[in-house]
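Before any comments, here is the structure.
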Amino acid sequence: MGRTAIYPGSFDPVTNGHLDIIERGLTLFDKIIVTILENPAKTFLFSVEKRMELLEQSLKGIGNIEIASYGGLLVDYAVKRNAQAILRGMRAVSDFEYEFQMALMNRKLNRDVQTVFLVTGLRWIFTSSSIIKEAVKFGGDIESMVPPVVYAELRKTYQLD
Ligand code: PNS
């Protein structure tokens, strides 16, 4: 039986930093299920359907990947999909506290699902979906930070074309 990881997130929208973690993750896991989950702390620019579509287009051609969404607890989804691990990317130190808290809560909820952190490629250390949305909204050039389909969708959304 192969090793499966859930790569959870808001993906609003997917960035090159996310793609970097997925590529690194595929060197450790046989399959990665990229899953959009609810984050009650956030408001979203794109619908779940649009976020899934952007993920699908951005990950086209990469094998051993599935795109999914789930409305409940992350650890429950991991059990449902027979996944052994949750994969998360770690950028700067500022990510640590939130990621640590979430990993410990997930462990409390289910001891059998392990959280694995991978360090983001240096190029993407300071990028996030939120900061990219803020930059593009005011006309900033973020083309090199997101997949081409995401760049086009962001420009369309903010009526920059
Ligand atoms: O990309 P994000 O917004 O940092 O991802 C956070 C996410 C969606 C992974 C997290 O909020 C999550 O797991 N939500 C589902 C509910 C849950 O299981 N929360 C963690 C334990 S309270």
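Are any of the pairs Lys50/Lys108; Lys50/Lys137; Lys42/Lys133; Lys42/Lys156; Lys80/Lys108 more than 24 Å apart by Cα-Cα distance, and if so, which? The answer is Lys50/Lys108. Mean residue ellipticity at 222 nm, helices only, the chain: -11000 deg cm²/dmol; runs of at least 4 DSSP H residues each add -39,500 (n - 2.57), and the sum is divided by the number of residues. Between the range 86-115 and the range 19-74, how far is it from one alpha carbon centroid to the other, in angstrom? Result: 17 Å between the Cα centres.
Using alpha carbons only, the radius of gyration of the chain set against its Kirkwood radius gives Rg/Rh = 0.95.
Laboratory data are not the source of any read-out in this text; all were calculated from the coordinates shown. Bear in mind the structure is a predicted one, so any value in this text is a computation, not a measurement.
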